[in-house]
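Down below is the structure, laid out as structure tokens.
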Amino acid sequence: MKTIYGNISGLKANHLKQIENLYRRRVRPEQIISPELARDLARISFETRRQIGLLISRLGRVAYTVVGDQHKIVIPDPESYRAAPGRLMGLRCVHTHLHADEPLSDDDLTDLALLRLDLMAAVTVREDGGPHQILVAHILPGVTDGVPCRRLDPLDPHRPHADCLELIQALESEMATQRVRMVSDPHRERAMLVSVTTSKRHEALASLAELKELARSGGVEVIDTLLQQRTQVDSRFLMGSGKLRDLAVTALQRNATLIVFDQELNPSQIRSITEAIQLKVIDRTQLILDIFAQRARTREGKLQVELAQLKYLLPRLVTKNTAMSRLTGGIGGRGPGETKLEINRRRVRERIGRLEASLREVQRQRQQQRARRHKQQLPVISIVGYTNAGKSTLLNTLTKSNVAAENRLFATLDPSSRRLRFPRDVEVIITDTVGFIRDLPRELKVAFRATLEELEQADVLLHVIDISNPRCEEQAQAVEGILEDLKLEGIHTLRVLNKVDLLDPETRAARARRLGGYPVSATRGEGLVPLIDRIQDFLLAP
């Protein structure tokens, strides 16, 4: 078992032995550190000219020993200790400062806040190698400006009297009270939305607004947003390390449980950011996949969503290096065996294979349905458009159906088909499809291939555009870009400018001129007659 963390190169053997022995020491649970341990810690630090740190549990056991340089220690990721909401980590950090007058640093206080340590303490070292004083700080619940920490009066290292456990319990009680005041629903994720971009500010703000709607649709409570414009995005954290610390502190102050990035994160970025801020981190794609998982009702929809999620997960399936050393045993698992990571990857690949086989069967069934329609010579009209443009409402109004329609993104996931007879005795199949969105995740395009193939057989596409949305032109372009990717641009398409009842006449006329199409209100049934006449003219044309 590893007992020393940090850089031990250049240390003498006797110092290594002394540092290793610190791991076996214990203090009384109510003590921050014992006088004897403070003295030994200061002496070893003085002789090695390095900061030495201990992470001590609430039972008084040294859980980690850390070797730093002259200026700082780097606290390891305490894998078996995780701070639950409203709780502290269960570890206090006690480390040395090589100068008697050296205060707790900004890095010390930031680590205290980000890791939610029980306490942060520094034993300052005199010029003769003895301990000078013990500086202590703790998290201060309820602080909304700056780093939420409070420094205590210095303690005498020979008589470090302070009831450590009583203080920690009082802090956790106050944190829990603050959380109850701030959190309306303890079972609901509280998210901060983050965009780090090189785009123009108005474009980034529009994208963040859409991310906020996605979060709402996914049942996430948005508590704050952060936008950082950069000339170049950081390859590791996207944002600078200072901004990342500010984000983590704000998340702590606001009792956030989740950080959602508007940009797609690669596996190493997710790992680096998660380790830096000790919070769950997802990106826009993952949020969309989660919404789809919530919305799927049919077997086909569930298969498609699970396939998309697994294909997204596979390259991101990583574990800590310490976990990768654990091998399986038993028959078939002897010798080198497989790491748990490799087993997980293999199981995911096997599940992907089974899902793809099931979806191929779905494709065959859809082909048979299309063949039957072709024999009946029924024209097919498919409704497409940006998510929440009003596609399901238009289907309900045209066919007098009751397909679920809500004012939220991706309210409809499973496609619906209805028969419709037009006034001139033209009978058609009209189909509602899943909504599109800007930067539709590639995994979803692949997984929903069987559903999107329905569009290939359409005689007419009704492209529904929410004309009341200020970004309606961008959304229309995004949908048409996806149709081009699917090689569907050759199908006759009619633009349906929906939600005109939400605009004043002047704005409605201006946007209708720019977009071109048929202004309608699907909820009120206004403007549908010209649209129906145009569809009939096209279908009856020789």
Checklist entry - Of the residues 451, 431, which is in contact with a Ser or Thr (Cβ under 8 Å, 6 or more places away or on another chain), among the hydroxyl-bearing types (Ser, Thr, Tyr) and modelled with pLDDT of 85 or more? => result 431
Item to check | Subset of the range 456-481 [in a helix (DSSP H, G or I) and touching a helix residue (DSSP H, G or I) at 6+ places or on another chain (Cβ under 8 Å)] | outcome: 457, 472, 473, 474, 476
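Looking only at the range 22-80, which residues are aromatic (Phe, Trp, Tyr) and over 25 Å from residue 166 (Cα atoms)?
Keep residues of the range 22-80 that are aromatic (Phe, Trp, Tyr), which gives 23, 46, 64.
Answer for the range 22-80, where residues must be aromatic (Phe, Trp, Tyr) and over 25 Å from residue 166 (Cα atoms): just 46.
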Next on the checklist: Tell me yes or no: at least one residue of the range 18-26 is within 30 Å of residue 188 (Cα to Cα) and surrounded by fewer than 22 Cβ atoms within 10 Å (Cβ to Cβ).
Outcome noted: no
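Return a yes/no flag: does the range 338-357 have any residue that is over 33 Å from the mean Cα position of the chain (by Cα) and either exposed (fewer than 12 other Cβ atoms within 10 Å of the Cβ) or modelled with pLDDT of 90 or more (or both).
Checking the range 338-357: not a single residue is over 33 Å from the mean Cα position of the chain (by Cα) and either exposed (fewer than 12 other Cβ atoms within 10 Å of the Cβ) or modelled with pLDDT of 90 or more (or both).
Within the range 272-298, take every residue that is basic (Lys, Arg) and at pLDDT 80 or above and give me the one that is surrounded by the most Cβ atoms within 10 Å (Cβ to Cβ). Walk me through how you get there before you give the answer.
Pass one, the range 272-298, residues basic (Lys, Arg): 280, 284, 295, 297.
Subsequent filtering for residues that are at pLDDT 80 or above retains 280, 284.
Values: 280: 14, 284: 24.
For the range 272-298, the residue satisfying everything is 284.
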Item to check | Neighbours by Cβ (under 8 Å, 6+ apart or cross-chain): first from the range 96-113, over 17 Å from residue 241 (Cα atoms) and in the same structural domain as residue 124 (by TED's automatic domain parsing); second in a strand (DSSP E or B) and hydroxyl-bearing (Ser, Thr, Tyr) | outcome: 96/124; 97/124; 99/124; 100/124; 101/124; 102/124
Checklist entry - Counting just the residues of the range 499-528 that are touching a residue at least 24 places away in the same chain (Cβ under 8 Å) and closer than 24 Å to residue 205 by Cα, which one comes out surrounded by the most Cβ atoms within 10 Å (Cβ to Cβ)? => result 499
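Being of a type in the set (Val, Ile, Thr), within 20 Å of residue 309 (Cβ to Cβ) and crowded, with 16+ Cβ neighbours inside 10 Å is the filter; apply it to the range 419-448 and report the residue that is nearest to the chain's Cα centre (by Cα). Show your work before the answer.
Residues of the range 419-448 of a type in the set (Val, Ile, Thr): 426, 428-431, 433-434, 437, 446.
If we keep only those that are within 20 Å of residue 309 (Cβ to Cβ) too, we end up with 434, 437, 446.
Remaining after also requiring crowded, with 16+ Cβ neighbours inside 10 Å: 434, 437.
Numbers: 434: 23, 437: 18 Å.
Result: 437.
Do we have residue 69 as surrounded by fewer than 17 Cβ atoms within 10 Å (Cβ to Cβ), in contact (Cβ under 8 Å) with a residue 24 or more places away in the chain and under 16 Å from residue 122 (Cβ atoms) here?
Details: surrounded by fewer than 17 Cβ atoms within 10 Å (Cβ to Cβ): yes; in contact (Cβ under 8 Å) with a residue 24 or more places away in the chain: yes; under 16 Å from residue 122 (Cβ atoms): yes.
Criteria met by residue 69.
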Next on the checklist: Out of everything in the range 482-505 that is outside any helix (DSSP H, G or I) and of a type in the set (A, V, I, L, M), what residue ends up being farthest from residue 523 (Cα to Cα)?
Outcome noted: 486
Next on the checklist: Given (1) surrounded by 20 or more Cβ atoms within 10 Å (Cβ to Cβ); (2) of a type in the set (Gly, Ala, Ser); (3) under 30 Å from residue 140 (Cβ atoms); (4) more than 16 Å from the chain's Cα centre (by Cα), identify the lone condition not met by residue 301.
Outcome noted: (3)
Checklist outcome for this item: Result of the Cβ filter at 6 Å on the range 156-175, keeping first residues that are in the same structural domain as residue 126 (by TED's automatic domain parsing) and partners that are of a type in the set (Asp, Glu), at least 6 apart or interchain, is 163/30; 164/30; 165/30; 168/118
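With 244, 265 as the choices, which residue is free of Cβ contacts under 8 Å to residues at least 40 places away in the same chain, assigned by TED's automatic domain parsing to the domain that holds residue 223, within 21 Å of residue 208 (Cβ to Cβ) and more than 12 Å from the chain's Cα centre (by Cα)?
244
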Item to check | the range 114-123 - residue that is within 15 Å of residue 160 (Cα to Cα) and in contact (Cβ under 8 Å) with a residue 40 or more places away in the chain and, of those, surrounded by the most Cβ atoms within 10 Å (Cβ to Cβ) | outcome: 121
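The values are calculated or read from the model by the stated rules, or taken from the named source; none is laboratory data. All of these numbers come straight from a predicted model, not from anything done at the bench. Neighbour counts are summed over all protein chains in view; Cβ atoms, including those assigned to glycine, are modelled from backbone coordinates with ideal geometry.
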